[in-house]
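So the structure is just underneath, and the comments pick up after that.
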Amino acid sequence: MHYFAYRNNELYAEEVAVRDIAAQIGTPVYIYSAGTLRRHFRVFDEAFAGADHLICYAMKALSNLSILKLFGAMGSGFDIVSVGELMRCLRAGADPKKIVFSGVGKTDEEIAAALQAGILMFNVESRPELYRIAEVARRLKLKAPVSLRVNPDLDPGTHPHISTGHRTSKFGIPLSEVFDYYAEARGLADLELVGLSTHIGSQITDTGPFIEAGEKVATIVRRLKADGIALRYLDIGGGLGIPYQEEPPPPAEYAAAILKPLAGLGVKIIAEPGRVLVGNAGILVTRVLYVKQTDVKRFIVVDGAMNDLIRPVLYEAYHAIWPVQKFEGRPGVIADVVGPVCESGDFFAQDRELPDPRDGELLAVMSAGAYGFVMASNYNSRPRAAEVLVEGKTMHVIRERDSFEDQVQREKLVEFQS
């Protein structure tokens, strides 16, 4: 559910007309709904109410400081994958003891910064990383809390680029080696073994893979306990999808399914939702520049582009497209919605049926809150879009649009000899 809806054929973000935001801020522009963000967090958190748990928002989905502050105020922790994300969390006032550091390529500098900040734990993905964390901790005279991320070797049935739980993935340690890893880690004095983690992918619309992963990690936790390694945390990752086209299970059904095989383990459950919290809480609003008709195709050329939202070409992702103003009796057309970037992959939709728009009208690319702005770039020297957060009747600009000076401020002009 989200709080983007039509009133008298006019699209609103909560209590604010989207057309008014576009008129004031310009396009393209990302618009987020604070009410939707809060509702999604609350529903997800309540789904785990029967278990000792911590929700750690996977901030790679959307990392604006104001969004992080909103979730932190609701009690959220954070799943991070870089020192930049760590610094964003701290800038937004996050509790370091609710931060989990994931990712396969942590540098010495990142490990040191996280240790000095006092994070909850590192999710360790390889043997070299295990020893590197121990080495940095020893140098700093600190104890590093670690959780080993196991690769459960299963296919979650999602896009290959966002599937992380199969055997050939770069993520996690093999099932066959997990007990050897824990035995080695146990012998490293600068580490504190606190958890086990897993994550199988993103945009998963079936509970089956989550149940299978849960059963596998539950078996590992029980055997470790029998071997004298009593863990405190079980990080089950994230991955629950949102309804781009397919309808995923609601958070309550997902939580019930995944908690069933974990019953009686005596560990705190850490969940890392990302897309499911922010995906449907954001839209990208773009203006029609031209309607181009060729002998074989109709193109709706808009001012938004792949540098603003790369998901359609990168993941073959579907995003619904709504007219910001509905016009009665307007015929439908089949068209490609494309941007101005000089790439054939610069499109938001292909062969899509939608009400035939006119030059200057606005379109809303829906479900754009996750992996939208965070993956934006300045390709073609285009400015990254502004970000707006709507809260009831109030509109907050939470990131201004790039200026030309923003784009070139770190470049240096070399004085060449003639």
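The values are calculated or read from the model by the stated rules, or taken from the named source; none is laboratory data. Small disclaimer: the values here were computed from a predicted structure and weren't measured. In this analysis, Cβ positions are derived from the backbone assuming ideal geometry, glycine residues included, and neighbour counts consider all displayed protein chains.
In the range 394-408, the residues that are at pLDDT 95 or above form Cβ pairs under 8 Å with partners that are of a type in the set (Val, Ile, Thr) and assigned to a helix (DSSP H, G or I), at six or more places apart or across chains, as follows: 395/21; 397/25; 398/67; 401/25. Residue 18 meets the stated requirement of being closer than 29 Å to residue 360 by Cα and touching a residue at least 12 places away in the same chain (Cβ under 8 Å). The numbered conditions (1) closer than 22 Å to residue 314 by Cα; (2) more than 23 Å from the chain's Cα centre (by Cα); (3) of a type outside the set (A, V, I, L, M) are all true for residue 383 except (2).
You will find that of 226, 252, 218, the residue that is surrounded by fewer than 20 Cβ atoms within 10 Å (Cβ to Cβ), touching a residue at least 12 places away in the same chain (Cβ under 8 Å) and under 19 Å from residue 193 (Cβ atoms) is 218 and no other. Scanning the range 239-298 for residues that are hydroxyl-bearing (Ser, Thr, Tyr) and more than 20 Å from the chain's Cα centre (by Cα) gives 286, 290, 294. Would you mind stating whether residue 340 is in contact with a strand residue (DSSP E or B) (Cβ under 6 Å, 6 or more places away or on another chain), within 17 Å of residue 28 (Cα to Cα) and not in a strand (DSSP E or B)? In short, no. Inclusion of residue 189 among residues that are over 30 Å from residue 137 (Cα atoms), out of contact with any Pro (no Cβ under 6 Å at 6 or more places or on another chain) and either outside the structural domain of residue 60 (by TED's automatic domain parsing) or at pLDDT 90 or above (or both) is not warranted.
Each row is one residue, and each column tells you yes or no for (1) at positive phi; (2) loosely packed, with under 15 Cβ neighbours inside 10 Å.
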{"residue": "308", "(1), (2)": "no, no"}
{"residue": "329", "(1), (2)": "yes, yes"}
{"residue": "333", "(1), (2)": "no, no"}
{"residue": "339", "(1), (2)": "no, no"}
{"residue": "359", "(1), (2)": "no, yes"}
{"residue": "364", "(1), (2)": "no, no"}
{"residue": "370", "(1), (2)": "no, no"}
{"residue": "384", "(1), (2)": "no, no"}
